[in-house]
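Have a look at the structure below before the remarks.
The values are calculated or read from the model by the stated rules, or taken from the named source; none is laboratory data. Note that the structure is a prediction, hence the values are computed from the model and not measured. No Cβ is skipped: glycine too gets one built from the backbone with ideal geometry, and neighbour counts run over all protein chains shown.
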Amino acid sequence: MNNIVFLHSSSELYGSDRSLLNLVKNLDKDKFNITVILPEYGPLVDKINRFDNVEVIINELAVLRRKNLSLSGMSQYFIMLIKSIKFINNLIKEKNIDIVYTNTSVIFAGGISAKLCKVKSIWHIREIIKSKYERFIVSRIVNTFSDYIIANSKATAEAISKNKDKVKVIYNAIDIEKNIDLEYNDGAYKEVAATVAGGYDKIKVGMAGRINRWKGQKLFVDMAKLVSQENDNVEFLIAGNVYKGEDYILDDLKEYILESGVKDKIGLLGQVDNMNSFYKNIDIFILPSIQPEPFGLVVIEAMNNKLPVVATNHGGPVEIIDNNIDGFLVDYKNAKEMAQVVNKLIKDKELRSYITTNAEKKVKEQFNVNRYVDEISCILDRFK
């Protein structure tokens, strides 16, 4: 039996968190002893604690963020990196760990500790780093300190490694039948959603994702403004929040919405842990990322919830969606094109039905969690 420790950079329930949740839940506990290290208490902790034979340890780890890219920030980061390496080294020895599984490209301590302690290192990459310089550094570290790399899309794989023998693309997946990561009482969400633009008789267009510079919230607002010029009965919902310490990004978005002229039609929901309810209470889902999305778990979740998806045409969504068949791909710089597709979907129920039928079928066939877990299990079995 292999002893595995998973390292993750968040305790929330965004895409990478939910992907880890599905993996930890569905791995064979007769084959793997599982420990998960999370940086702080959050909703992901409660979810994983539901599972038998899985231990969660809350311990702050060195996570490379943009705020660290300064002289003072880097010095603080390296102090935390040394502390993290010492902690993981001790854990490897104490629990006789066989595999260190790092679930993000922004935690380096796991791979370094694995190398120092002479155990196996698997690095699951879920990010595409925009800066060529930063991407080069992260790529070198990941390739140096990993025995195997899993990428969540071809776009992610190409950005992280040229060694095709070392990297494997395994698409994210969802637990279609059980949806264990989406089970919540949805009363609180409905109360929030109903306050936006007057209630349930509206067509609701929604997006969900971390609020930052590249997830495209401003593009979503631009689209909302254009759609509202043709449709009075539409409201727009933005689910998600900023990283801790980045409230200025949220303030900037609020100001952008205020100046849009359609602020009364746009609702900021904050972090929505109840994603099942979010999907059930919208009619059209948008992924407006202005940089390549590494994968886009929300895309397949929305497709599985019988929602037509409109996504920008780069990164992971290009590998998920067949344009005009099971979703739509639009120019990531063109709010007008996005608005035209949304307007078409609002007016054409038959088109929505055609798209969602094909989308749901595709998710069941290609993005089922059983396939996802089986492929990762095969990799883990190599290191017995």
(request) Considering only segment 11-46, state which residues are of a type in the set (Gly, Ala, Ser) and crowded, with 21+ Cβ neighbours inside 10 Å. (result) 15, 16, 19
(request) Using the structure shown, decide if residue 190 is of a type outside the set (A, V, I, L, M, F, W, C) and either at pLDDT 95 or above or within 18 Å of residue 312 (Cα to Cα) (or both). (result) no
(request) Could you please let me know if residue 301 is acidic (Asp, Glu), part of a helix (DSSP H, G or I) and more than 15 Å from the chain's Cα centre (by Cα)? (result) no
(message) Can you go through 63, 138, 169, 106 and tell me which one is among the aliphatic types (A, V, I, L, M) and either assigned by TED's automatic domain parsing to the domain that holds residue 215 or more than 19 Å from residue 9 (Cβ to Cβ) (or both)?
(response) 169
(request) Could you list, in sequence order, all residues of segment 118-142 that are buried (at least 17 other Cβ atoms within 10 Å of the Cβ) and hydrophobic (A, V, I, L, M, F, W, C)? (result) 119, 122, 123, 125, 128, 129, 138, 142
(request) Specify which of the listed residues (105, 146, 113) is buried (at least 20 other Cβ atoms within 10 Å of the Cβ), modelled with pLDDT under 95 and polar (S, T, N, Q). (result) 105
(request) For segment 54-86, name all the residues that are modelled with pLDDT of 90 or more and of a type outside the set (Val, Ile, Thr). (result) 55, 59, 60, 61, 62, 78, 80, 81, 83, 84, 86
(message) touching a Gly at 6+ places or on another chain (Cβ under 9 Å), at pLDDT 95 or above and under 16 Å from residue 101 (Cα atoms): which single residue out of 7, 38 fits that description?
(response) 7
(message) Can you report the number of residues in segment 334-351 which are within 25 Å of the chain's Cα centre (by Cα) and either touching a residue at least 60 places away in the same chain (Cβ under 8 Å) or not assigned by TED's automatic domain parsing to the domain that holds residue 320 (or both)?
(response) 4
(message) Tell me whether segment 313-326 contains one or more residues that are over 21 Å from the mean Cα position of the chain (by Cα) and part of a strand (DSSP E or B).
(response) yes
(request) Look at segment 323-340 and say how many of its residues are under 23 Å from residue 360 (Cα atoms), crowded, with 20+ Cβ neighbours inside 10 Å and among the hydrophobic types (A, V, I, L, M, F, W, C). (result) 4
(request) State all residues of segment 121-154 that are touching an Asp or Glu at 6+ places or on another chain (Cβ under 7 Å) and under 18 Å from residue 300 (Cβ atoms); if no residue qualifies, say none. (result) 153, 154
